[in-house]
Each structure stands twice: as C-alpha cells, then as structure tokens.
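Each remark here refers to the structure printed beneath this line.
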Amino acid sequence: FVPSSLPSLFNNESNSSSSSSSSSSSTSRQHQFEIWSQMSFAQLAYDILRKFISSIEISDVDLQYICERSFAVDVFDDECIIPIKKVQVVDNNSNKSSSSMMYIAELFTGPTMCFKDFGMRPVIHLLSYFATKRNQPITLLVSTTGDTGPAAVNAVHEVANPLLTILVHYPHGQI
C-alpha cells in the first residue's frame, strides 16, 4: 500500500500560508509533541502508523498488538526502547577549550543489538499479519553483509508464523 498523498502527522494542520494559520500550526505541532512525549514507544508507533494505515486494512486492536509486540519492553534491554543519552562534547581544536552538550540515541538495545531491530520488527509483524489475514505464505529473501540478516531472522523466529519463512544470503568471504 502506498498512499496517494502523505498524511499530516499533526492534527488540524492546514496548508494555508497566513500568519494566523502558521501560529495555529505551530501550536498544534507543539501540542502534538507534548502528547507524544507522554506515550510509550509502542503507543507512539501506533499513533504514527495509524496515520498511514487505514483501519479498514488493519483494525485498531490488531495494529496496537503489532506495535506492542514489535516494541515490547521485555525484548529490549532498556524500558524506554531507545534511550537518549546526554554527552559532553569537548572541542580541543580551537585556541581556547570549549564544550557543548549533545544527545545521542542508543540504537543497540534490541534483541540482536543492532539498529535494524527497530525497523525490521514492525515490518516482519506486519508481513505476518497479512500472511495470516490472506492465508498466503510469504517468503522473505534477504541478502546482506551485515546486521540485516540477524535482525530479520530474529523477528521471523519471534512471530513463529508457519506462513512466513526467510532465506538469508551472505556473500562468500565477505563477512
């Protein structure tokens, strides 16, 4: 499914260029960010995916389940799924030493300790859902030299759907 147009992530946002509309849009965005900041990672994933996936295609209950399983707290090493760490950056290259703060997202808390877990898990859960819904087998072909294979295999293993299989190809001598 590819939508004919991208949905707005922000409620009641208009495409008008008037200043009052711009101010209202900014307020709407800030309000939406505040709402999202209070959600669990699975709830946030559901809220964003729901804007792209029709409830006719996947019911609210099923999409919530997919998001909860994709980003289950017991599968990731950190309760918030993607921890954000504040680090100090020291610049020793200038004449005077200076420092600033930077935020880094730790993307290695998934079951295979690679960032691909965050994308692969919901994709595999969605494919499993559609294989079951349509009673149609799906075979995934993966060719990789890195961490795509382990993330995909782990996600397929977890869904344990007999309609979903995976073949992973690694190039000889390049791993």
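The values are calculated or read from the model by the stated rules, or taken from the named source; none is laboratory data. If you're wondering where the values come from, they're calculated on a predicted model, not measured in any experiment. For neighbour counting, all protein chains shown are included, and Cβ atoms are generated from backbone atoms with ideal geometry for every residue, glycine included. SASA here: full protein model, heavy atoms, side chains in, ligands and nucleic acids out. Shrake-Rupley method; radii C 1.70, N 1.55, O 1.52, S 1.80 Å.
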Calculated from the structure, Rg and Dmax of the Cα atoms in Å equals which of (1) 19.0, 76; (2) 15.1, 47; (3) 20.5, 67? (3)
Rounded to the nearest 10 Å², the 1.4 Å probe accessible area of THR144 is 10 Å²
Could you tally the net charge around THR148, taking each other residue with its Cβ under 12 Å from the Cβ of THR148, Lys/Arg +1 and Asp/Glu -1? -1
Cut-off 15 Å between beta-carbons: net charge of the residues surrounding ASP74, Lys and Arg +1, Asp and Glu -1: -4
Among beta bridges that DSSP assigns inside the chain, antiparallel share in %, nearest 5: 55 percent
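Would you mind working out the accessible area per residue for the chain, using a 1.4 Å probe, and quoting it in Å²?
Values: 11580 Å² over 175 residues.
Result: 66 Å² of accessible area for each residue.
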Any chance you could look up the accessible area of LEU141 with a 1.4 Å probe, heavy atoms only, rounded to 10 Å²? 130 Å²
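About the Cα centre of the stretch 28-175, how large is the charge dipole given +1 on each Lys and Arg Cβ and -1 on each Asp and Glu Cβ? Please answer in debye to the nearest 20.
Numbers: 11 positive and 15 negative charges, 79 e Å.
For the stretch 28-175, the charge dipole is close to 380 debye.
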Anchor LYS116: aspartates and glutamates whose Cα lies under 14 Å away (excluding residues fewer than 8 positions away in-chain): GLU106, ASP147
Remind me, relative contact order of the chain in percent, using alpha carbon pairs under 8 angstrom and six or more residues apart? 14 percent
So which residue, out of ARG29, ARG69, ARG50, gets the largest mean-square fluctuation from a GNM of the chain using Cα contacts under 10 Å as springs? ARG29
Choose one of SER99, LEU63, PRO83: the residue whose Cα lies farthest towards the positive end of the charge dipole of the stretch 60-100 (beta-carbon charges +1 Lys, Arg; -1 Asp, Glu; about the Cα centre). SER99
The correct ranking of SER28, SER5 by accessible area at 1.4 Å, largest first, is SER5, SER28
For the stretch 34-49, what does the Karplus curve 6.51 cos²θ - 1.76 cosθ + 1.60, with θ = phi - 60°, yield as ³J(HN,Hα) per residue in whole Hz, taken in order and with x for Gly and Pro? 5, 4, 4, 5, 8, 8, 6, 4, 5, 5, 5, 4, 4, 4, 6, 4
Would you grab the residues whose amide H sits under 5 Å from the one on ILE138? Only those 5+ places off in sequence or on another chain, please, with H modelled 1.01 Å from N. LEU164, THR165
